[in-house]
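Input: a single structure, listed below in structure tokens.
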Amino acid sequence: MQYCNSRLHHFLTLERLPRNVLLELMDTAERYINNGKVEKRPLLEGKTLVNLFFEASTRTRATFEMAAQKLGANVINLDVARSSAQKGESLSDTVKTLAAMQIDYLVIRHGTSGAAKFVAQVLGNKTAVVNAGDGPGSHPTQALLDMLTLKQQGVDFPNLSVAIMGDILHSRVARSQIHALQTLGVADLRLIGPPTLVPDESVFGTRVFTSREEGLKDVDVIILLRLQHERMDGAFLPSLETYYRDYALTEQALNLANENALILHPGPMNRDVEIQSHIAESANALMLKQVTNGIAMRMAILSTLKAF
Ligand code: CP
């Protein structure tokens, strides 16, 4: 589905994305960063990218726009709230309409799992479709920028202990991160969360912990996730206070991990819900590096898809 004539044409999921492609994308992103600054590379002059976001976003939308601009492409941010989708136009007709404007890239975020794949099927090879998050399905560009952030810290993926903690059940980020970490050979991958918000061990083939204290013991990397209330259709938790007590990354909980454990969060963060606020400011908290890397990683993805 992502490939056309053996070339990466759409970017929809990290599931079954070969390890060499994942590594090449990270290397490409690193080449776009010089002394911490993401450089311009006018590789997409004359191309047009449309950001089509049916769900709210700060990081993903803005960094796709910056990535496209640094590559020299024109960018249109379609305001979905003022688009003809509000008049009842279907997703299929909306994207066919945009493709008829001879756009080259369509970056889509949608609340339904599978929406990006559906759009790629509708558009075929005319337009490159990039998944910027589809419901609880996947968020492949986020997971790749997270891997880049870890790589920059000099980690050895196969020897890394990684814990993903929070609302795993509703998290597209977690799904994509699990695929990426497994592809990179991470053997000790743990999912931590309340019983109502973690899948059972058979789903991803990882260890699952409902005890934060057991799950965080001796890990090298802690990836936090927010509670995704927008995808919860009932009461998954007794209260935010009990969630903080049992599943937040507090100073005490952090002490269970290895010294200098790295802390990631895809954002947006809810301080004093999933993370004790001051920990987000510590030297090992990489959230703002993740944001900057989002520009370079998305440049790497767009310039790789340029091949069509
Ligand atoms: N991580 C992430 O997708 O953030 P935004 O919702 O701000 O794009």
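All distinct Cα pairs of the chain go into the 1/r average, and the inverse of that average, the Kirkwood radius, is 19.8 Å.
Peptides 64-70, 265-271 ranked from most to least packed, by the mean per-residue count of other Cβ atoms within 10 Å: 64-70, 265-271. Calculate, in whole percent, how much of the Cα-Cα pair population of the range 19-178 lies beyond 27 Å. So the portion of pairs separated by more than 27 Å is 29 percent.
Compute the acute angle (0 to 90°) between the alpha-carbon long axis of helix 19-31 and the principal axis of greatest extent of the alpha-carbon atoms of the chain; round to the nearest 10°. Tilt relative to the chain: about 80 degrees.
Max-minus-min Cα coordinates of the range 1-105 on each principal axis give 46, 30, 27 Å, with the largest extent listed first. Across the chain, Cα pairs under 8 Å and at least six residues apart give a relative contact order of 21 percent.
Computed over protein heavy atoms with a 1.4 Å probe, the carbon and sulfur contribution to the accessible area of the range 97-156 reaches 48%. From most to least packed by mean Cβ count within 10 Å, the peptides 273-279, 237-243 give 273-279, 237-243.
Dividing the mean sequence gap of close Cα pairs (under 8 Å, 6+ apart) by how many residues the range 1-114 holds gives a relative contact order of 27 percent. Could you check how many percent of all C-alpha pairs in the range 228-305 are farther apart than 15 Å? When all Cα pairs of the range 228-305 are counted, 65 percent exceed 15 Å. Here the alpha carbons of the range 30-90 define both size measures, Rg and Dmax, at 14.4, 48 Å.
Heavy atoms of the protein chains alone define the surface here; on that basis the chain has 43 Å² accessible area per residue at 1.4 Å probe size. Calculated on the alpha-carbon coordinates, the convex hull of the range 159-308 measures out at 129 cubic angstrom per residue.
The Cα center of the range 126-200 and the Cα center of the range 1-69 differ in position by 17 Å. In a simple Cβ point-charge model (Lys, Arg +1; Asp, Glu -1; nothing else charged), the chain has a dipole of about 1240 debye relative to its Cα centre. For the range 223-264, place one equal point scatterer on every Cα, skip the solvent, and apply the Debye formula. What is log10 of I(q)/I(0) at q = 0.25, 0.32, 0.34 Å⁻¹? So the normalised log intensities are -0.95, -1.21, -1.27. Of the cross-linked pairs LYS40/LYS126; LYS96/LYS126; LYS40/LYS289; LYS40/LYS306, those separated by over 20 Å at the C-alpha level are LYS40/LYS126. Computed over the range 83-146, relative contact order equals 30 percent, with contacts defined as Cα pairs under 8 Å that lie 6+ residues apart.
Derived from the Cα gyration tensor, the three semi-axes of the equivalent ellipsoid of the range 75-146 are 20, 15, 12 Å, largest first.
When Rg and Dmax are taken over the Cα atoms of the range 146-248, they come to 13.5, 41 Å.
The values are calculated or read from the model by the stated rules, or taken from the named source; none is laboratory data. In this text, all values refer to a predicted model and were calculated from it rather than measured experimentally. Cβ sites come from the backbone with ideal geometry, for glycine too, and all protein chains shown count toward neighbours. Accessible surface is based on the protein model in full, side chains and every heavy atom, while ligands, DNA and RNA are left aside. Shrake-Rupley method; radii C 1.70, N 1.55, O 1.52, S 1.80 Å.
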